[in-house]
Amino acid sequence: MKICPAEPHDVAKLLAFREEAAAWLSQLGTDQWQRPYPADKLLATIESGHVFMVRDGHTTAATITLTPEAEAGLWTEDELREPSMFVNKLTVGREYGGQNLGGRLLDWAGDRAHRAGARWLRLDAWTTNKPLQHYYLSQGFTHVRTVSEGTAVNGGPRVSGWLAQRDARTAIHDFHDLTSAPARLPYAA
């Protein structure tokens, strides 16, 4: 499998992935991702170079967004001063479920974050999706805190406020990596 940057023509596939994931999550009893995601916002993220696709031949197997920008209202000012990269929208196609593709993507993200000079690989997960939270804990993340509507920094939203982090570190992920080297974080040591 190879990992490469997403391209503008991938928007339709990414939206379909999200719909597939939302349907699956609904069957599991969670309301995560039930609202449609704006295509223009997704396109902007692709154009910024932060969305990556895992391809198995001509089939898209998974996607991940990895960005140096934190979502507003989640992390404290002190935490934002620490060199970090943030995982968003990690999605694995259902036909690839159960193959540790998500774990390998998190390893790839941690490796990329490390090469960018990050200390932390951070994420926020759906506040009510306990199985997802347990999954991230099993992948070596540590729960930092849960941000709710009333405790969000600067009044940010909170349906996805379960915050976790793990060290950014080198890792073997076994992807054929077709991405360019990550830009160094401006505040990295």
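The values are calculated or read from the model by the stated rules, or taken from the named source; none is laboratory data. Given the structure is predicted, the values throughout are model-derived calculations rather than measurements. As a convention, Cβ positions derive from the backbone with ideal geometry for all residues, glycine included, and neighbour counts pool all protein chains shown.
Step by step: first the residues of region 105-131, then only those that are among the charged types (D, E, K, R) and out of contact with any strand residue (DSSP E or B) (no Cβ under 7 Å at 6 or more places or on another chain), then the one that is farthest from ASP177 (Cα to Cα). Which residue is that?
LYS130
Can you tell me which residues in region 37-65 are outside any loop (DSSP other than H, G, I, E, B) and more than 17 Å from MET1 (Cβ to Cβ)?
ALA39, ASP40, LYS41, LEU42, LEU43, ALA44, THR45, ILE46, GLU47, THR65, listed by residue number.
Being at pLDDT 95 or above, more than 19 Å from VAL51 (Cβ to Cβ) and not in a helix (DSSP H, G or I) narrows it down to one residue among ALA189, ALA118, ALA164; which is it?
Result of the check over ALA189, ALA118, ALA164: ALA164.
What pairs come out if I take residues in region 132-146 that are in contact (Cβ under 8 Å) with a residue 24 or more places away in the chain and pair them with residues that are of a type in the set (Lys, Arg) and assigned to a strand (DSSP E or B) whose C-beta lies under 7 Å away, six or more apart or interchain?
Pairs found: GLY140/ARG166; PHE141/ARG166; THR142/ARG166.
Could you tell me how many of the residues in region 170-181 are surrounded by 14 or more Cβ atoms within 10 Å (Cβ to Cβ), at pLDDT 95 or above, in a loop (DSSP other than H, G, I, E, B) and of a type outside the set (A, V, I, L, M)?
Matching residues across region 170-181 total 2.
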